[in-house]
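Undergrad: Have a look at the structure that comes next, please.
Please treat every number below as a calculation from the coordinates, not as lab data. All of these numbers come straight from a predicted model, not from anything done at the bench. Please note: Cβ atoms are built from the backbone with ideal geometry, for glycine as well, and neighbour counts cover all protein chains shown.
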Amino acid sequence: QIYSWGNGKYGRLGHGNITSLQFPTLVPRSQMTDYRYVQAGEAFSTAITVKGHIEAWGLNDYMQLGIPSAALDIKPMETSPAGVQQIPMEEEFVKTACGERFAMGLTEKGTIYEWGRQTITRLVIQTEYQSGVAFVDEKMTDYNITNIAAGKTFAAAIAEGGELFLWGGYSQALITGEKSFYRSPLLFAEKDDFVFPKVVDIAGGTDHAVALFIDEDLDL
């Protein structure tokens, strides 16, 4: 079951209204659907059902919910969890990641799908679903992706072998210190004689990232 609380603007709490809540309150749809994963973006949220389907709610001004909005909709939003329409329904998803105006989903097969504001985010290699849900860059096809994360305007992915990829707005600043836009996933390898250990988890903030590494040479 999903509980939410805080600022209710744009329906981001998923209670069918825009009311703010001080204490954790059960999302009504949780009484009809079982979930196994939740994630929050800037003003929207996503959840994965036990069947592997993604639902989203909240602000949808850049279709970060993966749900088409009416062109003249002054306040595009969903106030209750609704199924993401711009991803293939036959896929089973295991994780989502939410940025400021975009979201990603990771399937059980290790495929990443992205939707939302592509003008400030990541890549557009090929688009087979409306509004820009795209497959990940070809350079990642030789890796089994097991984890994803999102910052404000950048994205990250971890492969089974502990390899770390970063891409998107300002993602290069996390490596070189220079603000720039990196459209293609950048594989972390070595920098200034520092060899990156195996990465097991990562989280993104507004303009920074934190990662959990394992040094396999340590005797723990």
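Undergrad: If amide hydrogens are placed 1.01 Å from N in the peptide plane, which non-local residues have theirs closer than 5 Å to the one on VAL84?
TA: Placed amide hydrogens put ILE54, GLU55, ALA56 under 5 Å from VAL84.
Undergrad: Still on this model: At a 10 angstrom cut-off on C-beta neighbours, averaged per residue, how do the peptides 92-102, 204-214, 78-88, 36-46 rank from highest to lowest? Before the final figure, lay out the partial values.
TA: Details: 92-102: 22.5, 204-214: 14.4, 78-88: 18.2, 36-46: 19.9.
Put in order of decreasing packing, that is 92-102, 36-46, 78-88, 204-214.
Undergrad: Report the gain in length on full extension from ILE18 to THR141: 0.36 nm times residue separation, minus Cα-Cα distance, nm rounded to one decimal.
TA: Details: separation 123, 0.36 × 123 = 44.28 nm, distance 4.13 nm.
Stretched fully, the ILE18-THR141 segment lengthens by 40.1 nm.
Undergrad: Measure up LYS51/LYS75; LYS51/LYS95; LYS51/LYS152; LYS109/LYS139; LYS9/LYS51 against 20 Å on the Cα-Cα distance and list the ones that go over.
TA: LYS51/LYS75; LYS51/LYS152; LYS9/LYS51
Undergrad: Cβ under 14 Å from PHE44's Cβ, PHE44 left aside: what net charge do those residues give with Lys, Arg +1 and Asp, Glu -1?
TA: Counting the neighbours of PHE44, the net charge comes to +1.
Undergrad: Starting from 0.36 nm per residue, how many nanometres of slack lie between THR206 and ARG36 once their C-alpha separation is accounted for?
TA: On the way: separation 170, 0.36 × 170 = 61.20 nm, distance 2.58 nm.
The span from THR206 to ARG36 would gain 58.6 nm if fully extended.
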